[in-house]
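The values are calculated or read from the model by the stated rules, or taken from the named source; none is laboratory data. Remember, it's a predicted structure, so these values are computed and weren't measured experimentally. Methodologically, a virtual Cβ is constructed for each residue, glycine included, from the backbone with ideal geometry; neighbour enumeration extends over all protein chains shown. Heads up: the accessible areas ignore ligands, DNA and RNA and are worked out on the full protein's heavy atoms, side chains in. Shrake-Rupley method; radii C 1.70, N 1.55, O 1.52, S 1.80 Å.
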Amino acid sequence: MKLLSHIRSRSRLKGTDDVKSNNHRSPETTPSSSWAKPNPTARFPLALLEELLSCVCPHSQDDTYVSCEESMVDGGCMLCDMRDLSQCALVNRQWSNAAQNLLYHNVRIDAVHYCDREDELAEKRRRPSLIHRGNSSDYLRDPAQQRLQLFCRTVRDNAFLANRVQFLKTSYMTREGCMADLARTVSVLRNLRYVDLPDGVYSDEPSSNTLKQEVQKCADIRYMKYTGGAESNFQMLGHSGYWRNLEALELSHLAVESTTILEVRATLTALCDVKLANLAMLDDSIFGPSINGSLPPLTKLTLQDIPNISADGLISYLSQWEAKETLKFLAIKNTGILPSEFHQILASAPYLTRLDIIECVSRGLPSSALPSLASRSLRTLHYEISDANSSPRGLQPPSDSYYAYLSSSVLNGSLPSLSNLYALSAKLPVLLVPPPRLSGNRTGNVPPPLISGITRPLNVHTKTISELEWNLTLIIPPTSLNRRLSAMNMGPMSLNSPALSPHWRDKGRDSVIVGNGFGGFLAVPTKETWPGSARGKKKGRQGSDEWMG
């Protein structure tokens, strides 16, 4: 932390010195006096200095093939981080090389600042002096478009910086409304691996032909998407000589058969991430061996809205040793694979670390006993089972049987490595950890029983269909060191628990949930006024201005 503060202070000092003119510097701000202190980073290698400067701009290390909206850094402002990193490049030549490697590796063109600075800039743009100064069209221009045009001018004038750019991410309105500026920019980025493109490029619209031709000249592109209307363009991919290094491929709403996909796949030897969505003509033949081969060993496979895909076809694909050993991420969303068949898939994928299950069910699980969901490598499980139809009053929804099956699989120790669990059920934390039983003795509540199936801390994220955010519940397992203390800690520990009443979940009051030592919880309000409480109001007759808790 001291070194990071030193980096920011030196960058600010250099930025202020560059603003001043050489003829108006005071003796206290001359270079000889300002750089009198030894530089602790002078002997750092370039790789170590880049690692340190990446803390100033975290998104510069983002190498994912996702859009600008999906790769935002939580709680940070990417534009301010880039500004701080650019100021670090002004310190000296050593810092300039390290900072430029980070600045031009992953370039983001965001529309706004995600901090208070955006309000200040918006207020400055509304000043009459800026409106009447120079050309009025500059005031009406989009700031994101201006940033893209400035970046385009930089990379077109400096080929050395242009060759460093590997990721270019722009906001949705920028890439949809500035295709000409984006095409001029992409035309000089020969080492580009990922770029956010407008939807017209993916659907092969004539208005996007210029931009598409410039992207085809970038031979190192690693991600591409084809949507409805681009069937002919997708077939040309197998016969053309561009994009041989594709690693991620997404096909959506295409009228193509399995043989066409396998023909194109045979030319993409580096493919490791495939997403197939809304392909009505696709069936299990995509997995089985054929004249054109089969799917290669993939690290990530997503199947969405493909009703003709069955569990037998996927299991036959996982029967290949290379595919079984390579697959780490599997997402199944509304396919012909039944939720009751996923124990077979987990048994066929012993190295799977994440599994997403999103299905709508109209009937409960069969009454016969099913094998538990068992996997020693699974760490993250999205188990989102919803009801296709609303159940009559008084009847249990069909999805409840699936969550009961999930809870039994977790409690019997079949998922020992599981650390994150997502479910569309507010009852799941209660199923995993039963509430404390009331007793008549002085101790009050009886602690819940020790559960041996949960051997590591488990983050349970739950919500209902009507909710937007996940409610986090942390379950801490018992330990052999102090079983009594573990029993008191065992249970949901949540700061946004769905089990709270609406009065306690009011956003007008902050609350903290703490354990009472017996498996229950006490709610302690803050010093602020209680919402809807008469005790928090001022009492004029008594002359009291404070709330007496």
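Rounded to the nearest whole Hz, the Karplus-based 3J(HN,Hα) values (6.51 cos²θ - 1.76 cosθ + 1.60, θ = phi - 60°) of the stretch 102-114 follow the sequence 7, 5, 9, 6, 10, 9, 10, 10, 8, 7, 9, 7, 9, with x at glycine and proline. The accessible area of Arg156, taken with all protein chains in place and a 1.4 Å probe, comes to roughly 120 Å².
Count neighbours as other Cβ atoms within 10 Å of each site's Cβ, and list the chymotrypsin sites (Phe, Trp or Tyr not before Pro) in the stretch 310-400 that are DSSP loop with at most 15 such neighbours. Write out the running numbers ahead of the final one.
Working: sites: Tyr317, Trp321, Phe329, Phe342, Tyr351, Tyr383; in loops: Tyr351.
Those that pass, being in a loop and sparsely packed, are Tyr351.
Report note on the peptides 92-102, 455-465, 169-179: ranked by the mean count of other C-beta atoms within 10 Å, highest first, their order is 169-179, 92-102, 455-465.
Counting only heavy atoms of the protein chains and using a 1.4 Å probe, Thr335 has close to 20 Å² of accessible surface.
Could you tell me which of the pairs Lys124/Lys169; Lys225/Lys328; Lys275/Lys427; Lys212/Lys300; Lys333/Lys463 are separated by over 29 angstrom between their Cα atoms in the structure shown? Spell out each step's value before the answer.
Values: Lys124/Lys169 27 Å; Lys225/Lys328 21 Å; Lys275/Lys427 32 Å; Lys212/Lys300 26 Å; Lys333/Lys463 18 Å.
Going by Cα-Cα distance, Lys275/Lys427 fall outside the 29 Å limit.
If you sort the three axes of the alpha carbon gyration tensor as a ≥ b ≥ c, you get a/c of 1.5 or more for the stretch 267-309 and a/b no higher than b/c, which makes it oblate.
Applying the Karplus relation 6.51 cos²θ - 1.76 cosθ + 1.60 with θ = phi - 60° to the stretch 408-415 yields 3J(HN,Hα) values of 5, 5, 6, 6, 8, x, 6, 10 Hz, where x marks Gly and Pro. The string of couplings for the stretch 211-225 from the Karplus curve (6.51, -1.76, 1.60, θ = phi - 60°) is 5, 5, 5, 5, 5, 5, 6, 7, 6, 9, 4, 10, 9, 8, 10 Hz, one whole number per residue in order, with x for Gly and Pro. Neighbours of Ser414, meaning other residues whose beta-carbon lies under 15 angstrom from its beta-carbon, give a summed charge of +3 when Lys and Arg score +1 and Asp and Glu score -1.
Within 10 Å, Cβ to Cβ, of Ala423, how many net charges do the neighbouring residues add up to if Lys/Arg are +1 and Asp/Glu are -1?
Numbers: positive: Lys427, Lys463; negative: Glu384.
Neighbour charge sum, excluding Ala423 itself: +1.
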